[in-house]
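The structure's right below; bear with me while I get my questions together.
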Amino acid sequence: MSRFVKSHALGNDYIVLESHGLAFPLTPEAVRRLCDRHFGVGSDGVLVRVPSDRADFGLRIYNPDGSEAEKSGNGLRIFAKYLYDHGHAPGPQFTVETPGGVVRCEVEAQVGRAVRVTVDMGEATFTSTRIPVLGPPREVVDEPLEVEGTALRITAVNVGNPHCVVFTDQLAAVDLARLGPALERHPLFPQRTNVQFAQVLGPDRVRIRIWERGAGETLASGSSACAVAAACVRRGVAGPHVQVEMDGGVLQVSVEEGFRLRMSGPAEEVYAGELAAEFVDLLRGAA
């Protein structure tokens, strides 16, 4: 099967595929070619519906560099919209299993189409062994770290995938192209990490810039928004309901008891199509 759907969530775009009958193996090279904006469909990643015995649906998430992600907030909203709009979902509420855990999705629809999705993203943890972060067991909160000759203070958190949050009062001045990849691949993070620089604008409002593991700078990221909201609450700089502003738009995140996270935001389908036979042949041959 070579049918696909292309959607975006606040400018973070994904290709959605079905695993059954897929006409080519999803090797890292095939994923990279699909995501290529000049030689492929073009996207920030690939979402693949797979079977699950733990939830209503299963989901695998691939980064544009061919690596696999544990969880994606924007990807989950896109996937939930796909399931609902294309008649796969049993109703407006259902569960999805990801490598980062099972989540519950709730769809708000208009005229039979999902326009907004709320996702229960699970619990955040700052414990080093669960993120993971090297060194003695500890909570990694406001910890000093020197990167590329720059002194930073980091808060590391896992929300189903690893994140490194750096608070700053000068967000626009951050050299994200230099510090983002250096933090992503810092030896402190054995599985690499997503990176966010965050500026608190008020008790319920924060603006962030994102360097996504395996993707680079992105307009928006749902899991990043959740990680930053959790870090804001942990450090006492924001309340439990946080508006997270990104270049691509705004997400609402609630941090509930035990650092349980609920994220709400839009998703939009751009187009559906079919991969050309010659492109499928190329993907079949991708090693």
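What follows draws every value from the coordinates through simple rules; no lab data is involved. Please read all numbers here as calculations on a predicted model, not as lab measurements.
How far is helix 73-85 tilted off the main Cα axis of the chain, in degrees rounded to 10, range 0 to 90?
Roughly 30 degrees between the two axes.
I would also like to ask the following. Can you give the angle from 0 to 90° between the axis of helix 222-234 and the longest principal axis of the chain, with both taken from C-alpha atoms, to the nearest 10?
Helix 222-234 sits roughly 20 degrees off the main axis of the chain.
Given segment 176-250, report the % of alpha carbon pairs whose separation exceeds 14 Å.
When every Cα pair of segment 176-250 is considered, 57 percent fall beyond 14 Å.
State the label only: which of (1) 15.8; (2) 14.0; (3) 14.9 corresponds to mean projected area of the Cα convex hull in nm² computed from the shown model?
Working out mean projected area of the Cα convex hull in nm² from the coordinates points to (3).
For the chain, what is the mean residue ellipticity at 222 nm derived from helices alone (per DSSP H run of n ≥ 4: -39500 (n - 2.57); sum divided by total residues; nearest 500 deg cm²/dmol)?
-5500 deg cm²/dmol
Classify segment 2-53: rounded, prolate or oblate, from the alpha-carbon gyration tensor (a ≥ b ≥ c, eigenvalue square roots; a/c under 1.5 rounded; otherwise prolate if a/b is larger than b/c)?
Note, shape of segment 2-53 comes out oblate.
While we're looking at this one, here's another question. How many angstrom lie between the Cα centre of segment 141-208 and the Cα centre of segment 9-83?
26 Å
Can you tell me the relative contact order of the chain? Whole percent, Cα pairs under 8 Å, sequence separation 6 or more.
21 percent
How many angstrom lie between the Cα centre of segment 253-271 and the Cα centre of segment 110-134?
7 Å
Give the Debye-formula value of log10 I(q)/I(0) at each listed q (0.15, 0.17, 0.18, 0.23 Å⁻¹), with one equal scatterer per alpha carbon of segment 105-213, two decimals each.
-0.70, -0.84, -0.91, -1.27
Right, here's the next one. Specify the residue with the greatest mean-square fluctuation among 55, 172, 151, computed from a Gaussian network of the chain linking alpha-carbon atoms under 10 Å apart.
Judging by the Gaussian network model, the answer is 151.
Could you tell me the ratio Rg/Rh of segment 36-190? Both radii from Cα atoms, Rh via Kirkwood.
In segment 36-190, Rg relative to Rh is 1.03.
For segment 71-159, rounded, prolate or oblate, judged on the Cα gyration tensor with a ≥ b ≥ c (square roots of eigenvalues), a/c < 1.5 rounded, else prolate if a/b > b/c?
Cα axes put segment 71-159 in the prolate bin.
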